[in-house]
Amino acid sequence: MHALDVLGDPVRRRILELVIDGEEPAGAIADAISQQFGISQPAVSQHLRVLRENGFVTVRPEGTRRLYAVDPRGPQQASEWLTPFERFWRGPLAALGTELARGKRQRRPAAEQTSDPRPIADPEPPKSKE
């Protein structure tokens, strides 16, 4: 299955969001997904299996629990596929950044705009009388 096919399902995307900051137990994932999407625990397990088999999550047994975490291989594969298309949004995003900065400068109080950002030099120390 292609990385973007895996990510095409909103349940799988949400599971990845749940484990992005570290390991989460399967039970906690199933509870959250069941509440948000109204699907059964076995259906959540199927989504976890798809994510695991396609390199998007890792699983680590700990006693009776199974802990899931993001596996960087899957997101990397999706990123690599999307890289040739970045040119379609990089330029517009850079232009947006420029416009936002320009707007912030225009909204600054006049006193801030006229102040010289360079540090004020200390006056020369008095010369010793020798």
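Per the listing 66, 60, the residue uniquely in a strand (DSSP E or B), surrounded by 13 or more Cβ atoms within 10 Å (Cβ to Cβ), at pLDDT 85 or above and basic (Lys, Arg) is 66. May I ask you to verify whether residue 14 is surrounded by 12 or more Cβ atoms within 10 Å (Cβ to Cβ) and of a type in the set (Lys, Arg)? Yes.
If only residues of the stretch 93-130 that are aliphatic (A, V, I, L, M) and in a helix (DSSP H, G or I) are counted, the one that is modelled with the highest pLDDT is 101. When residue 6 is tested against the conditions (1) surrounded by fewer than 17 Cβ atoms within 10 Å (Cβ to Cβ); (2) assigned to a helix (DSSP H, G or I); (3) within 21 Å of the chain's Cα centre (by Cα), the lone failure is (1).
Looking at (1) within 24 Å of residue 4 (Cβ to Cβ); (2) touching a strand residue (DSSP E or B) at 6+ places or on another chain (Cβ under 7 Å); (3) surrounded by 13 or more Cβ atoms within 10 Å (Cβ to Cβ), can you tell me which one residue 23 breaks? Of the numbered conditions (1) within 24 Å of residue 4 (Cβ to Cβ); (2) touching a strand residue (DSSP E or B) at 6+ places or on another chain (Cβ under 7 Å); (3) surrounded by 13 or more Cβ atoms within 10 Å (Cβ to Cβ), the odd one out for residue 23 is (1).
Table: residues versus (1) touching a helix residue (DSSP H, G or I) at 6+ places or on another chain (Cβ under 7 Å); (2) farther than 26 Å from residue 9 by Cα; (3) at pLDDT below 90.
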site	(1), (2), (3)
41	yes, no, no
74	yes, no, no
80	no, no, no
91	no, yes, yes
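Residues that are among the aromatic types (Phe, Trp, Tyr) and under 16 Å from residue 7 (Cα atoms) within the stretch 38-74 comprise just one, 56.
The values are calculated or read from the model by the stated rules, or taken from the named source; none is laboratory data. Not measured: the values here are computed from a predicted model. Backbone-built Cβ (ideal geometry, glycine too); neighbour counts: all protein chains shown.
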